[in-house]
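Working notes, structure below.
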Amino acid sequence: MTQEEIQEYNKKCAEFIGVFDEETDRFVFDTKLFNVQSYSFSEKHHKKQLCFDVGWDWIMEIVEKIEELDIVASFQIENPTIYIWKSSEESDFEDIEIDIFDKTKKEAVVEAINQFLIFYNEKV
């Protein structure tokens, strides 16, 4: 991913699990990991503040939030593929399968999350 794509991915993740406070221009998270903390999304500091592309704790917060949605049956990490399965035939969500032959497991999970969030943001 390019720096621009990483920044956009981190923003999508923050929007997915957080609340943007326009008064402070910050994202506010209230989850197990973040425990009511706020993070800036300035272009200058986003990499230090938002780590949804590099930190397993951060990545798993997104995975767990995805798994809580009614449209997803499971998010499975099985070598050599990452899967996000839809919960029913009624959903217009397509199953996501990411091969991890040419990337690390972390890169594949981030790619799967990114593909899911693109779908999710278009449909919700």
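Just give me the residues in the range 9-27 being under 11 Å from the mean Cα position of the chain (by Cα) and farther than 18 Å from Lys123 by Cα, in sequence order. Before you say what the answer is, go through the steps one by one.
Going through the range 9-27, the residues under 11 Å from the mean Cα position of the chain (by Cα) turn out to be 9-17.
Scanning the range 9-27 gives a single hit, Asn10.
Can you find a residue in the range 96-109 that is touching a Pro at 6+ places or on another chain (Cβ under 7 Å), surrounded by 18 or more Cβ atoms within 10 Å (Cβ to Cβ) and among the aliphatic types (A, V, I, L, M)?
Yes - at least one qualifying residue is present in the range 96-109.
If you scan the range 84-117, which residues turn out to be of a type in the set (A, V, I, L, M) and free of Cβ contacts under 8 Å to residues at least 60 places away in the same chain?
Filtering the range 84-117 for residues of a type in the set (A, V, I, L, M) gives 84, 96, 98, 100, 108-110, 112-113, 117.
If the condition is that a residue be of a type in the set (A, V, I, L, M) and free of Cβ contacts under 8 Å to residues at least 60 places away in the same chain, then Ile84, Ile96, Ile98, Ile100, Ala108, Val109, Ala112 are the ones that fit.
Readers should treat all values here as calculations from the given coordinates under stated rules, not as data from a laboratory. A quick note: this is a predicted structure, and the numbers were derived from the prediction, not measured. Positions of Cβ are backbone-derived with ideal geometry, glycine not excepted, and every protein chain shown enters the neighbour counts.
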